[in-house]
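Q: First the structure, then my questions, so here it is.
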Amino acid sequence: MAEELLSPPQAAEIAKVHDDTVRRAIEFGLLKAQKVGRTWAIRRDDLQAWIDAGKPNHRRKSTRKPKADEDDSQLSNGTDRSQ
């Protein structure tokens, strides 16, 4: 029996995500796929493994800086509330 191969739009529909999410996961090596001509072919088993892993789609870390608490910002300004 032949394995079922899916295109990124088909995989996205099954995973309930956007096509770009599937393509990004493939690009970062988080979803196994093979290039067939100009498109990607994804095995259903590989798609299910990706879904079970929580559908990761990139490895980028956030570029946002955490907001400092008011107390921390006042301490850095030279004021101390403990007095």
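The values are calculated or read from the model by the stated rules, or taken from the named source; none is laboratory data. Given the structure is predicted, the values throughout are model-derived calculations rather than measurements. FYI the Cβ positions are ideal-geometry reconstructions off the backbone, even for glycines, and counts take in every protein chain you see.
Q: Hey, can you tell me all the residues within segment 25-56 that are basic (Lys, Arg) and either part of a strand (DSSP E or B) or at positive phi (or both)?
A: Across segment 25-56, the qualifying residues are Lys35, Arg43, Lys55.
Each row is one residue, and each column tells you yes or no for (1) at pLDDT 95 or above; (2) of a type in the set (A, V, I, L, M, F, W, C); (3) exposed (fewer than 10 other Cβ atoms within 10 Å of the Cβ).
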residue	(1), (2), (3)
Glu27	no, no, no
Ala41	yes, yes, no
Asp46	yes, no, no
Asp52	no, no, yes
Ser62	no, no, yes
